[in-house]
Each structure stands twice: as structure tokens, then as C-alpha cells.
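Participant: Structure incoming, see below.
The values are calculated or read from the model by the stated rules, or taken from the named source; none is laboratory data. Since the model is a prediction, treat every value here as computed from it, not as a measurement. Using ideal geometry, Cβ is built from the backbone for each residue, glycine included, and neighbour counts are taken over all protein chains shown.
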There are 2 protein chains.
Amino acid sequence: MSDKRHQLVMTALELFYQKGVHAVGINEVLAASGVAKKTLYHHFDSKEALVLAALRYRDDSFLHWLTRRLQTAPAGSERIGALFDALDDWFNSRVDELLPFNGCFFINVSGEFGEVDHPLHQQCSQHKRNVAALIHAEVQALGITPSRVAPLTDALCLLKEGAISMAHVQGDLTAAVKAKHAAKQLITAHG
Amino acid sequence: MSDKRHQLVMTALELFYQKGVHAVGINEVLAASGVAKKTLYHHFDSKEALVLAALRYRDDSFLHWLTRRLQTAPAGSERIGALFDALDDWFNSRVDELLPFNGCFFINVSGEFGEVDHPLHQQCSQHKRNVAALIHAEVQALGITPSRVAPLTDALCLLKEGAISMAHVQGDLTAAVKAKHAAKQLITAHG
DNA sequence: AAACAGGTAGACCGATCTGTCTACATGCAG
DNA sequence: CTGCATGTAGACAGATCGGTCTACCTGTTT
């Protein structure tokens, strides 16, 4: 992997995440990254390919970050708490590697590329499934009745997504705390 | 209110909602609505003003629709159920007046105009507060301990937002049903 | 020495963008 | 009758878009 390629992906992610994909032109990415246009089109076929690479990079770094954060707490219900604590840090821009909070990149991109069969939209969908799989594993580790694992996982994912949306659209930076409280009640009800 | 103006707002909403604001040019709106460009700029100062009008129109029609839907159920916990039943109809595009489902217009626009102080973003924020107020009133009508009204309202809003996001990004058209189940448990836990 | 991968700067292309403008038509109020 | 609001069609301006291209530079490998 070339150095310049990585530089392009990082810069593209920053700009697309902060301003939106359609609002940022290829020339802006080039100026910000200090890379020549020819080099960009040497590594990527099109702007869309660059966006896709940025989505994949974000998918990777987000999952790694979240995995690390969950491991800070002992397995069990405390891990679910750690999930929402992590979200709280993200919303309040206390996580450098996730960039200043501007909602969920994948939700934002899905809004710009609404068609279900669009490659960018599908990549966003894949990311959400990846995160859901992480949460699913933690719910299983709770040791609750197997038939209740799926519904609880769904509920936690709904709370997580809702918190992201509320934090971004309404600017409610306490959304993760609220979601954590609701999650606690659901887990208690399941126990 | 002029006839042409209303026609413009309706067409603009349809196109911006389905394809995104930046992806739709003013000329496309004009061609689809059969209105002259001069007329558009007679009624609106800019494209942004047209988007704002579309947001306001959507805010209005969504709130009216939801209010009507909630009233179909007797006041109390059944109204909360009716909320998620309504969402389920929306997600599955069974509500003509809300147009074919493509996520939440306000979440989508917030993604395209991320800056918190942007007029379009603020309009999106306002819409969410309006819906939250509706839900807050229904939660109060449950007659639960007053100190628990706000947390439960927050939780229901989180589930609602999460369901919209999951339905759109992941294409999970059963998201409203899942949210309804989680909501039921929360209400039971509160009672 | 030759060939090649990867890089630079930036001119250039055709398309599209928002917004302005001219020129003209219609219907209603003073 | 006059004036104004409202409408039409569409040319036009100036900027920006994604993407291609020429011309040149710098290492490394063969």
C-alpha cells in the first residue's frame, strides 16, 4: 500500500465525514492532502472508489476502536455499559482517532446514496451488521435465556443507533447516557 | 400561497427526499414540476430557501399524520404501541402521503449539512423536538411516576430514531416491530 | 544504460451547477 | 387605461464538477 494512497483515504474520510460526500469536490481532497490529481486516479478509478475506500477505512478503525473499548470492562453486563460509555466519549469528541463527532459517517452516506443496491449504501449496511455482530457476542456472554439473545441485541442496537441520531441531529450530547439507562433497564428485565 | 409555489415545494420534497439535496439540481426540480426558473426565484431567494420550505412542509405533514395515527388508539399504553405501528407502516411504504420510504428526511439533510448552526440543520433539530413533544404528551398520559416521564420519553425517542436508522441503512423493514417489543418491556418495567 | 513505477503541476474537456436576465403573456385592482 | 403581480421559455454568465491528458522528475530494478 502506497503512502500517498493512505494519505488520500485519510484526507477523504475527514472531508467527506465533516462536510458530506457531494459537498466536497475531488480538487478539495487533492489540495488538502497535497497529492496530484494524476496520482489519485492512478490509485482509484473514480471519486466513488475513493469514497468506498474511505468507508472501508472507517469501518476498520471504528470496529477496532470499539473492540478495544469493550475489552476494558470485564465480560458481562458491564461490557454493555462500556459500549455506551464509549459512545459518550465519541459524541463528545473525546476520541481523536474517530475525528470530531459529526454523526455516523455510514448513516450520513446512506442519506446521500439512498438506493438500496448502491455499492456505497451496501458498504454502510455491512458496517452496521459488523457492529451488530460485536454487540451480539457480548449479549450472548451475558448468559441469558438463548431465545432472548436476539431481541435484546436488537434493542441495544436500536438504542445505539437512536443515540447517534439524537446526538447529531438534535445536538444532544447526553444521548449516550440516556441510552445507557434504558439499556440497563432492559437487561434487568431480561435477567 | 400561490399554486405554483406549493407545486415547487411538493416536487422539491419528493426529489430531495428520494435522491438527496446535493444530488438534485434546481433544473431537475423545475423540469419535474413544470415551473419556470424565474417563478422559482420569484418565490424563493435561493435553493437553500426551497430546501427549507420542503423541510417545513415535511415537518407539518409528518406531525399531522402521526397525530392522526396516535388518535386511532385509546389513550394510554396502546398509544405507544400505535406509534410503532405507524412507523411500521411508514417503513414499508404503506403511507402514501409520506412518500416511498427513504429514511428520515431530516436525518438525511442533517447528514448533508452537518454544521450545527446551519439553518437547515436547525430546522431538522426542530422537527425532532416537535415529534419528541408529541411522544412526551403520550407518556405523561400513562400516569406513571412523574420523575419517570422524562427518562421513558427519552428511551422511546431513542428506539424510534434507532428504528428509522436501522430500517433505512440496513434495510431492516421489521425494525419498528423490534422497537415496539423493546418499548413494551420498558413500559412494563416502569409500571 | 534502459525500462518502469510512482510521483509532480496544471492545462484542458465537456458537463452541470446556481442564479440572472430579456422578452413576452395574462389577469386583476385602482 | 394603467400598473403590478404572476406567470412562461430559455439564453446566458461564471463557477465548479469529475476525469483525462501532456510533460516532466525521481528512484529502483533489470
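Participant: What tally of residues in segment A:88-111 results from selecting those that are closer than 19 Å to A:Ala132 by Cα and either modelled with pLDDT under 95 or assigned to a loop (DSSP other than H, G, I, E, B) (or both)?
Facilitator: 2
Participant: Let me ask another. Of B:Asp154, B:Asp172, B:Asp88, B:Asp96, which residue is loosely packed, with under 15 Cβ neighbours inside 10 Å and among the charged types (D, E, K, R)?
Facilitator: B:Asp96 is the lone residue from the list that is loosely packed, with under 15 Cβ neighbours inside 10 Å and among the charged types (D, E, K, R).
Participant: What are the residues in segment A:37-76 that are free of Cβ contacts under 8 Å to residues at least 60 places away in the same chain, of a type outside the set (D, E, K, R) and either crowded, with 19+ Cβ neighbours inside 10 Å or in contact with a helix residue (DSSP H, G or I) (Cβ under 7 Å, 6 or more places away or on another chain) (or both), if any? First the steps, then the outcome.
Facilitator: Of the residues in segment A:37-76, the ones free of Cβ contacts under 8 Å to residues at least 60 places away in the same chain are A:37-47, A:49-50, A:53-54, A:57, A:60-61, A:64-65, A:68-69, A:71-74.
Filter again for of a type outside the set (D, E, K, R), leaving A:39-44, A:46, A:49-50, A:53-54, A:57, A:61, A:64-65, A:71-74.
Result: A:Thr39, A:Leu40, A:His43, A:Phe44, A:Leu50, A:Ala53, A:Ala54, A:Tyr57, A:Ser61, A:Trp65, A:Thr72, A:Ala73.
Participant: Quick check on segment A:142-157. Is at least one of its residues facing chain B (nearest Cβ under 8 Å), under 26 Å from A:Tyr57 (Cα atoms) and not acidic (Asp, Glu)?
Facilitator: So the first thing to find is which residues in segment A:142-157 are facing chain B (nearest Cβ under 8 Å), and the list is A:151, A:154-155, A:157.
Filter again for under 26 Å from A:Tyr57 (Cα atoms), leaving A:154, A:157.
Keeping just the survivors that are not acidic (Asp, Glu) gives A:157.
So far as segment A:142-157 goes, yes, one or more of its residues are facing chain B (nearest Cβ under 8 Å), under 26 Å from A:Tyr57 (Cα atoms) and not acidic (Asp, Glu).
Participant: In the set B:Gly114, B:Gly143, which member is on the phi > 0 side of the Ramachandran plot and in a loop (DSSP other than H, G, I, E, B)?
Facilitator: Step by step, each of B:Gly114, B:Gly143 is checked, and only B:Gly143 is on the phi > 0 side of the Ramachandran plot and in a loop (DSSP other than H, G, I, E, B).
Participant: So is B:Leu173 touching a residue at least 24 places away in the same chain (Cβ under 8 Å) and assigned to a helix (DSSP H, G or I) or not?
Facilitator: Spelling it out, it is not the case that B:Leu173 is touching a residue at least 24 places away in the same chain (Cβ under 8 Å) and assigned to a helix (DSSP H, G or I).
Participant: I'd like the residue in segment B:106-151 that is without any contact (Cβ under 8 Å) to a residue 60 or more places away in the chain and of a type in the set (D, E, K, R) and, out of all such residues, is surrounded by the most Cβ atoms within 10 Å (Cβ to Cβ).
Facilitator: Going through the qualifying residues, I end up with B:Lys128.
Participant: I would also like to ask the following. Taking the condition within 13 Å of DNA strand C (Cβ to nearest atom), outside any helix (DSSP H, G or I) and touching a residue at least 60 places away in the same chain (Cβ under 8 Å), does B:Val21 pass? Walk me through how you get there before you give the answer.
Facilitator: On the way: within 13 Å of DNA strand C (Cβ to nearest atom): yes; outside any helix (DSSP H, G or I): yes; touching a residue at least 60 places away in the same chain (Cβ under 8 Å): yes.
In short, yes.
Participant: Of the residues B:Asp60, B:Asp85, only one is at pLDDT 95 or above, within 25 Å of A:Glu115 (Cα to Cα), assigned to a helix (DSSP H, G or I) and not aromatic (Phe, Trp, Tyr); which?
Facilitator: On the way: B:Asp60 fails: within 25 Å of A:Glu115 (Cα to Cα).
Selected residue: B:Asp85, the only one of B:Asp60, B:Asp85 that is at pLDDT 95 or above, within 25 Å of A:Glu115 (Cα to Cα), assigned to a helix (DSSP H, G or I) and not aromatic (Phe, Trp, Tyr).
Participant: Looking at B:Lys184, B:Lys178, which one is out of contact with any strand residue (DSSP E or B) (no Cβ under 7 Å at 6 or more places or on another chain), in a helix (DSSP H, G or I) and closer than 27 Å to A:Cys124 by Cα? Can you show your working first?
Facilitator: On the way: B:Lys184 fails: closer than 27 Å to A:Cys124 by Cα.
Result of the check over B:Lys184, B:Lys178: B:Lys178.
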